[in-house]
Structure formats: C-alpha cells, structure tokens
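**Q** Sending over a structure as structure tokens; questions will come in a sec.
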Amino acid sequence: MTAALTARALSKRYGRTTALEGVDLEVAEGELVGLLGPNGAGKSTLVKIACGLVRPTGGQAQVAGAPAGSRAARASTGYLAELFRFPSWASAEEVLALHQRLARSDGGAKEREALLAQVGLAGEGDRRMETMSKGMQQRLGIAQALVGGPRLVLLDEPTSALDPGGRRTVRDLLVGLRERGVGVLLNSHLLSEIELVCDRVVIIDGGRVVTEGRPQDLTAPGGVEIETSEGVRRLPDARRDDVPRIVRELVAGGTEVYGVRVVTGTLEDAYLAAVVGRDT
C-alpha cells in the first residue's frame, strides 16, 4: 500500500540556517503519528513541505505517492494550521462551502452536515464565527481539514483550545479516521494527548529525528511500588514479571500486602530524555 506521507533524506536551509537535515519519516494509511519537538526543531517546516507551501533544499516528500505540492498531492491533503482565522461574519456552513470550492469537493450540503456532526457541531451550520467559542472554532477548523476526504491529514495543535470534553471528541474523531484508512500527522505539545491516541511518535530536534517508536516502547519501566503493613516499599529495579515472586516472599515473611503498582515512565520522560538529554 502507498503510504499517506513519505519523507526521505529531507533537508531545508534558509540561508545559513538549517531547519531540516536528512529527515526520514513515514505515515502509513490508517496510522496516527505524533510529531514532537521543541520550538525551532523543524516541525513546522516539515509540515509546510508536506503541504507544498515550502520546497525542500534536498531529499523528497510524497503524499499518497505524488510529489508534495503537486495537484494530486494537494488533493489528498487536509491541513489545520495552529494559528488559523475564519472571517468573523461567516457561518460554519459558509466556511465549509468555501473550502469545498477550494478543494474541488462535490460533497455539497450532505458532506457539510456530516463533517459538522463528526466534530460535535451538528445543528450549528448557521452559527457565525463571532458567536462561537474558541473551542467551537477549533473543531470547525478540523472539519475543514476533512473536506474532500483527504488521505493525509496534518493537524497542528488541534486540541490546544479545547476543554476535556472537546479533546475527547477530537480523540474519537482521530480513531474514526484511522478506521477509514486516513493517515494523520499530529503536531502537539500536549504529550498526554499524543500518548493516548497515537500509534507512533517521532521526536525531532535540531532538524533531525532523534528517536521514534510506539509510545509504550519509548517509555521506560519505573519499578514496582508495594503498599504493605510496614509502609510503601519501592523497588526501582523490579519489573512486572517479578511481582508474583515479590508478593509471595513478603507474605511468607509475615508482611501484609495491600496493593501493588507497576510504575512506568511517561512520554514526557521519554521526550525530555531525547531532547534535553542531547544538550547535557
């Protein structure tokens, strides 16, 4: 199957400044990939190249098998920028209708109605931007990124303005995109959201990929904590498979065990180790 997004040896220089240097990245169809990195790491440049807004200095990027920036690639791409703006006087229906024209989508009113329902805005088609909360506008922005049924969706901080309920709606939406075979590249500073929904994480710093993998593979084990009659015992080197033996030994020695917790690291720990650790 053709990947939704493929980048090979991608580089970009702005004068003497190197934004990307030899980046390899792939987003398969139906895969949710989280893109992480500090400010200035090259994330925005990578996304702009995928959209066709910026040309690489070296290497190549393809969207659904077509060169990034070509008409075929643009037709297969949906994009939500972090700092987007819709006209204050426009209604949700008008915003989507405009993007249907731009995307050459013939979905009409049926597509607009379905997209509004997908992002939790059913029945809000006549509502104007100036009366919408920031969270509602954010969800409408996601809806416009889905106009025309793209094979690749690029989302830049899509949950930054949302309350917990809105974030749950977006997570459910992303799961639905995965089930339909849509590839998603999600750029977010909310590591907990990335950890909850993404199949794979790519961390870049200084224009290079410094680590990548499944969230559960990037997080390191943190030992075992056991609540006993003598207090909480922390065994930093113990693993999940050691728990039955440890409990048996404690009970045999007359210690009462009230609870056991296997401690694991977080994606934040992995991120800081990959990024901050490079500078120390």
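**Q** Between the stretch 101-180 and the stretch 198-246, what is the separation of their alpha carbon centroids in Å?
**A** 35
**Q** Once fully extended, how much extra length lies between SER70 and VAL262, figured as 0.36 nm per residue of separation less the alpha-carbon to alpha-carbon distance?
**A** Additional length available on full extension: 64.2 nm.
**Q** Would you please give the residues with an amide H less than 5 Å from that of THR228, counting only those at least 5 places away or on a separate chain, with H modeled from the backbone geometry?
**A** ARG233, TYR258
**Q** Amide H to amide H under 5 Å from THR211: which residues, 5+ apart in sequence or cross-chain, H placed 1.01 Å off N in plane?
**A** Those qualifying (amide H under 5 Å, at least 5 residues apart or on another chain) are ILE203.
**Q** Here is a further query. Can you put ILE246, ILE226 in order, fewest other beta carbons within 10 Å first?
**A** Least crowded to most crowded, the residues run ILE246, ILE226.
**Q** Taking the Cβ-Cβ separation of ILE246 and GLU179 as r and a Förster radius of 35 Å, what is the calculated FRET efficiency to the nearest 0.05?
**A** 0.30
**Q** Where in the stretch 67-102 is the amide nitrogen less than 18 Å from a point lying 7 Å along the Cα-to-Cβ axis of ASP126?
**A** Of the residues in the stretch 67-102, 89-97 have backbone N under 18 Å from the label point off ASP126.
**Q** Which one, (i) -0.68, -0.96, -1.28; (ii) -0.33, -0.62, -1.29; (iii) -0.42, -0.70, -1.19, gives log10 I(q)/I(0) by the Debye sum over Cα atoms at q = 0.08, 0.11, 0.16 Å⁻¹ as derived from the coordinates shown?
**A** Among (i) -0.68, -0.96, -1.28; (ii) -0.33, -0.62, -1.29; (iii) -0.42, -0.70, -1.19, the one calculated here is (iii).
**Q** Taking neighbour counts of Cβ atoms within 10 Å as a proxy for exposure, in what order, fewest first, do THR169, THR211, THR2 appear?
**A** Lowest to highest Cβ neighbour count: THR2, THR211, THR169.
**Q** Still on this model: In terms of the Cα gyration tensor, with a ≥ b ≥ c the square roots of its eigenvalues, is the stretch 125-280 rounded because a/c is under 1.5, prolate because a/b exceeds b/c, or oblate?
**A** Prolate, since a/c reaches 1.5 and a/b exceeds b/c.
**Q** Which order results if THR228, THR17, THR77 are arranged by neighbouring Cβ count within 10 Å, fewest first?
**A** Lowest count first: THR17, THR228, THR77.
**Q** Tell me whether the stretch 10-131 comes out rounded, prolate or oblate; compute the Cα gyration tensor, take square roots of the eigenvalues as a ≥ b ≥ c, and use a/c under 1.5 as the rounded threshold.
**A** Note, shape of the stretch 10-131 comes out prolate.
**Q** Using the Karplus curve 6.51 cos²θ - 1.76 cosθ + 1.60 with θ = phi - 60°, what ³J(HN,Hα) values do you get for each residue of the stretch 222-236, in whole Hz, with x for Gly and Pro?
**A** x, x, 9, 10, 10, 8, 10, 5, 9, x, 8, 9, 10, 10, x
**Q** For the stretch 247-258, just list the computed ³J(HN,Hα) in residue order, Karplus coefficients 6.51, -1.76 and 1.60, θ = phi - 60°, integers in Hz, with x standing in for Gly and Pro.
**A** 5, 4, 5, 5, 5, 4, x, x, 8, 7, 10, 9
**Q** Please state the relative contact order of the stretch 5-216 as a whole percent: Cα pairs under 8 Å, 6+ residues apart?
**A** Computed value for the stretch 5-216: 30 percent relative contact order.
**Q** What longest range of the chain stays clear of loop-exposed GluC sites (Glu not before Pro) (DSSP non-H/G/I/E/B, at most 15 other C-beta within 10 angstrom)?
**A** The longest uninterrupted stretch comes out as 83-229.
**Q** Lysine pairs, Cα distance under 26 Å, 8 or more residues apart or cross-chain: how many in the chain?
**A** Total qualifying Lys-Lys pairs in the chain comes to 5.
**Q** Using θ = phi - 60° and the Karplus curve 6.51 cos²θ - 1.76 cosθ + 1.60, what whole-Hz ³J(HN,Hα) does each residue of the stretch 124-139 get, with Gly and Pro shown as x?
**A** 9, x, 8, 6, 8, 4, 5, 9, 8, 5, 4, x, 5, 5, 4, 5
**Q** Within the stretch 64-104, which trypsin sites (Lys or Arg not before Pro) sit in a loop by DSSP and count at most 14 neighbouring Cβ atoms inside 10 Å?
**A** ARG85, ARG104
Any read-out appearing in this document is the output of simple, stated calculations on the displayed coordinates, not a laboratory observation. As the structure is a prediction and not an experimental result, all values here were calculated from the model. Cβ coordinates were reconstructed from backbone atoms using ideal geometry, including for glycine residues, and neighbour counts include every protein chain displayed.
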